[in-house]
Structures are given as structure tokens and as C-alpha cells.
Amino acid sequence: MAPWVKTGGLGDVAGALPAALRALGHDVRVLVPAYPALLRAFPDALEIARPHWLGGLLPTPSLRQALAGDGTPLLLLDYPHFFDRPGNPYLGPEGRDWLDNHLRFGLLSRVAAWLGSEASTLDWAPDVIHCNDWQTGLAPAYLAYRAERRAKSLVTIHNLAFQGLFDHAALFELGLPDEAWTMDGVEFYGHLSFLKAGLQHASAISTVSPSYAREIQTDAEGMGMAGLLRHRSAQLSGILNGIDTREWDPARDRHLPQHYGQRRLEGKAVNKANLQAEMGLAVRADLPLLAVVSRLTEQKGLDLFLEVAAQTLALPAQIVVLGSGAHGLEHGWTAFAHRHPGSCAVRIGFDEGLAHRIEAGADIFVMPSRFEPCGLNQMYSLRYGTPPVVRATGGLADTVIDAADEKHGNGFVFGPATGEALFAALQRAASAFQEPTLWRRLQKHGMARDSSWREAAGHYVELYESILREAS
Ligand code: ADP
């Protein structure tokens with residue numbers, strides 16, 4: 001939950017959607033593990049409950065209430081042994097999953113279900129529990145295996161590739177009944193899957209773009225869950241994420257050396273020159289500066305970009321990459337930058353400020369994802385006047401319109417997941433960059449797009465209401 005904890009897009013969603021829902025008049029509270037950053041931010045959060053007897057090996061945590069700056073009440077799930085750990089919420093220091101992740105996120109799911117059940121001791125009960133990704137996938141299952149009156153649930157898939165798979169032994173440790181171990185329950189090809197449990201038992205399912213909602217129902221992109229998703233297609237929909245338009249606004253972004261906007265695009269040039277200097281690139285206004293800010297994984301197609309990176313520099317162009325992830329890609333990109341000083345700069349790591357300066361300073365943003373449930377960076381790019389080059393998949397296909405459409409074009413879209421197809425699109429982008437009138441038009445179309453959370457929040461409210469109308 002941004003700004004405290006974030007490993008990707010879900011952090012941004014959790015940070016922004018609750019406030020947008022509250023602005024529409026709904027009483028939203030966020031249950032989130034008390035990670036170190038949250039404990040530091042809210043040292044005085046008062047305990048409001050201690051959920052007992054949660055089953056299996058699940059411990060008794062403390063629920064503490066805090067108030068986010070935007071007025072959203074936070075329910076901090078405090079169990080230091082599970083959550084007060086350094087680094088990444090999901091991974092240990094060696095980059096491997098924490099060994100007790102089933103218990104850590106089982107506890108999160110179980111307490112969510114507790115909040116929606118009659119066992120809750122709070123004077124507030126949710127109508128709908130909105131679960132996000134596998135870490136909360138067991139909540140609908142816990143709700144389903146109890147007879148009492150209970151909340152409805154929505155599971156949102158932010159990335160189907162992460163399924164929360166554990167051994168059979170976890171069933172007992174999580175306090176789930178033996179009857180849950182079936183194909184219609186939590187079992188998934190011999191494993192216990194948190195995500196599958198959620199998809200099976202949720203009142204409704206959503207994902208973060210209409211295109212991704214369709215794609216995951218195909219065997220090619222369903223990651224083993226296509227059958228189940230097709231079976232539930234009447235309850236499955238796609239709602240495009242918004243972006244945090246306060247954090248991501250070139251007219252008042254606190255990370256930028258120079259602010260700019262649709263009518264003051266000149267300011268972007270200052271950001272470009274600063275970024276080039278900061279990254280050790282030649283300060284050249286005439287060369288298109290291509291950028292990546294991303295997890296460095298195969299999903300993001302950055303191996304395809306690396307494959308054609310030398311050709312791309314020869315266009316001519318410059319490349320800047322900020323990211324971390326797979327060792328092979330980190331190493332490949334770092335080595336490439338060493339061979340091309342002044343033209344390509346690579347920064348391995350996670351750096352929020354630099355991500356903003358790149359969005360503002362770059363000319364072209366590159367996202368050749370193999371799949372992309374929604375994607376946020378292309379929306380930041382559109383807003384920052386940095387036309388994106390994207391593969392036609394998931395949320396990228398739903399937000400970026402190819403320059404071939406003169407009336408609406410705001411970027412460049414290609415089809416096949418190959419270096420060749422990517423390069424053809426990069427070539428088109430680089431030559432369009434040299435035509436100021438065309439380029440201005442693309443930038444303006446992108447900058448005029450409304451990516452605020454208001455619209456997405458409205459769709460979520462409709463979905464919550466439709467869930468409440470359905471008989472359980
Ligand atoms: P995903 O959630 O699959 O990683 P998204 O595009 O939905 O991809 O969201 C990624 C988010 O994480 C964006 O806000 C992006 O700016 C941010 N991000 C990714 N990598 C980095 C990095 N190395 N430094 C700073 N921000 C990053």
C-alpha cells in the first residue's frame with residue numbers, strides 16, 4: 001500500500017482506490033499487514049481487537065487502527081513475528097519466498113474473513129470484502145466454510161502468474177477443513193492455491209483491464225486457471241486501474257527539477273537535459289531518449305528490448321533503464337550499458353524519485369510486455385507527454401492508441417512478442433519524434449486522457465452493488 005509498502009502496481013492501487021471510493025460516499029477500510037514502514041508511520045495506532053481461535057497454527061494477532069493522511073482508516077494487522085521483517089513483503093534476503101508465507105498471508109486472509117463474520121468484535125462490519133491477489137485469496141474460502149451470516153467478497157486479480165501455491169500440509173496449518181481439498185475447493189494440481197481458492201469462492205471476480213479479463217479465459221494465457229475462469233465468466237469483469245493523479249502530475253511533481261503541462265511543454269526539455277546529465281548520458285536534445293522503468297522479468301519483455309538495443313542506439317537514440325529483478329536481465333542490461341557509455345544508462349534498484357524524473361525526462365517509454373494485466377507506467381507516460389511503445393496486450397491495449405489513428409493516437413502499438421516487431425515500432429516512434437507537429441499531437445492526446453481513479457472507483461461501486469443484489 002503506497003506510499004508505505006510497494007513492490008508494484010498493487011501498491012499504487014491500494015494506496016489510491018480507497019480514497020476514491022470514500023469520495024463517492026462509501027465507508028472503506030483497509031486491512032494491511034503491519035510491515036515496518038507502517039509501524040514507523042503509525043507508532044501510536046491503538047489496538048481495537050485481538051481475533052482469537054483462528055484455527056490451525058494461526059496465531060492471535062493484534063488489530064490496530066490508524067488513519068491515513070487522506071482520511072482512510074487502516075486496520076493494521078500486527079503480528080511482529082510475521083510482518084515486522086526487513087525488505088520485501090514477500091521475499092527473504094536471498095530473494096526467495098519467506099518460508100512461512102502461507103501462514104503470513106493465511107493470517108491476513110483469515111482476519112479479513114473474521115472481519116466479515118459474526119465472530120468479529122468490532123462495531124463495524126463490511127458488506128463486501130475486496131480481496132487483492134493470492135495473498136488474500138483464502139478470505140472467500142474461510143467465509144465459505146462457515147455457516148454463519150457473512151460478508152460478500154470480490155477477488156481482484158492483479159497478476160494471474162502469482163498463484164500462492166503450497167503443499168498439502170498447509171491445509172491443516174491454515175485451519176481449513178479436509179473437505180476443502182477438492183477440485184472445487186482449494187486444491188490445484190496437487191497443491192493448495194490461495195488464488196484458486198479465492199476464484200472458486202468469491203462472490204465475483206475482477207481483473208484490472210477488460211482485455212486481460214478476456215485473455216485469462218484462454219488456455220494460452222490462463223496460467224492453468226482458464227477453465228475455472230471460463231466457468232465463472234458471468235461473474236468476471238475487467239476494470240482498468242486509475243493512477244494517483246496527485247503523485248503523478250508533471251505540473252506539481254515534487255521529484256522534478258522543472259514543472260510542465262500540456263500548454264507548457266517546453267519545461268519537459270529541462271527535465272530531459274537534467275536526466276541525461278544525472279544518468280551520465282550525452283546531453284542531446286535532438287536524440288530521442290527511450291526509457292524503461294520496470295521489474296526486470298520475462299513478463300515485461302525486456303529481453304526483447306535488449307535483443308534490439310544495439311540497433312535502437314543506432315537509430316540514433318539513447319536508452320535509460322531503471323529496474324531490478326531477474327539476475328540475467330540485470331546483468332545483460334548492465335553489461336550493455338558498459339559497452340555503450342553516453343548512449344545507454346542502466347540503474348539497478350528501486351528508486352521512486354528517479355522513476356518520476358525518467359517519466360518526465362524521457363521522450364519515449366518502452367513496454368514490450370508479454371502480458372500486462374493493466375500496467376501503470378504507460379499511463380504515467382501518457383500523462384507526462386512521453387508517448388509509450390507497447391505490445392498489444394492486456395491493459396496496454398486498452399490504454400494506448402497507435403499513432404496511425406490521427407484523431408486519437410497517443411503512442412505506438414505492436415503485435416508479435418518478437419524483437420523484430422518491437423524494433424519496427426521503436427523505429428516508427430523515433431522517426432515520429434523528428435516531426436514536431438505530429439509529436440506534439442501524440443503528446444497532447446496522451447496528456448488529455450483522464451486516468452483518474454474517480455471513474456474506476458465508480459465501476460467498483462457498481463460491481464459491489466451488483467454483488468450485494470445477488471443472492472448468496
Ligand atoms: P507491475 O505491477 O507488474 O510491476 P505496473 O506497471 O502495474 O507493473 O506497476 C509498476 C509500478 O512500480 C509503477 O508504479 C512503477 O513506476 C513502479 N516501479 C517498477 N520498478 C521500479 C523501479 N525500479 N523503481 C521505481 N519504481 C518502479
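A cut-off of 5 Å between modelled amide H atoms, ignoring neighbours fewer than 5 places along the same chain, links Ser237 with Ile205, Ser206, Thr207. Counting only Cβ charges, +1 for Lys and Arg and -1 for Asp and Glu, the dipole size of the chain around its Cα centre is about 1040 debye. Applying 0.36 nm per residue to the separation of Lys407 and Asp97 and subtracting their alpha-carbon distance, the gain on full extension is 106.9 nm.
Close amide H pairs (under 5 Å, H built 1.01 Å from N) link Ala68 with Leu74, residues at least 5 positions away or on another chain. In the stretch 267-450, the DSSP beta bridges split such that about 0 percent are antiparallel, to the nearest 5. Normalised by residue count, the stretch 47-201 yields a Cα convex hull volume of 125 Å³ per residue. Could you work out the Rg to Rh ratio of the stretch 314-472, with Rh taken as the Kirkwood radius (inverse of the mean 1/r over all Cα pairs)? Rg/Rh: 1.04.
Work out how much length His327 to Glu352 would gain on full extension: take 0.36 nm times their residue separation and subtract the Cα-Cα distance, in nm to one decimal. Intermediate values should be presented prior to the final figure.
Values: separation 25, 0.36 × 25 = 9.00 nm, distance 2.09 nm.
Net length gain for the segment: 6.9 nm.
In this simple spin-label approximation, Glu148 and Thr418 carry label points 7 Å from Cα along the Cα→Cβ vector, and these lie 6.0 nm apart. Listed peptides 385-394, 198-207 appear in the order 385-394, 198-207 once ranked by packing, highest mean of other Cβ atoms within 10 Å at the front. Cα extents for the chain along the principal axes, largest to smallest and rounded to whole angstrom: 66, 47, 44. Once you sort the root eigenvalues of the Cα gyration tensor of the stretch 115-243 as a ≥ b ≥ c, which label holds: rounded (a/c under 1.5), prolate (a/b larger than b/c) or oblate (the other case)? Judged from the Cα gyration tensor, the stretch 115-243 comes out oblate (a/c at least 1.5, b/c at or above a/b).
The listed residues Tyr189, Tyr90 rank as Tyr189, Tyr90 when sorted by accessible area, largest first, using a 1.4 Å probe.
Around the amide H of Ser369, modelled in the peptide plane, lie the amide H atoms of Arg391, all under 5 Å away and 5 or more residues distant in sequence or on another chain.
If you fit an axis through the alpha-carbon atoms of helix 267-278 and take the longest principal axis of the Cα set of the chain, what angle between them do you get, 0 to 90°, nearest 10? So the inclination is approximately 90 degrees.
Which order do peptides 254-263, 14-23 fall in by mean Cβ count within 10 Å, highest first? Write down the numbers at each step before the final one.
Values: 254-263: 15.8, 14-23: 20.6.
So the peptides 254-263, 14-23, ranked by packing, come out 14-23, 254-263.
The lysine pair tally for the chain, using Cα distances under 28 Å and a gap of 8 or more places or different chains, is 15. Against the chain, whose longest principal axis comes from its Cα atoms, helix 327-339 is set at around 20 degrees. Taking every DSSP beta bridge that has both ends in the chain, the antiparallel portion is near 30%. Each peptide in 360-369, 159-168 receives the mean, over its residues, of other Cβ atoms within 10 Å, and ordering these scores from highest gives 360-369, 159-168.
The values are calculated or read from the model by the stated rules, or taken from the named source; none is laboratory data. Note that the structure is a prediction, hence the values are computed from the model and not measured. Note: ideal-geometry Cβ built from the backbone for every residue, glycine included; neighbour counts use all protein chains shown. For accessibility, only protein heavy atoms count, side chains too; no ligands or nucleic acids. Shrake-Rupley method; radii C 1.70, N 1.55, O 1.52, S 1.80 Å.
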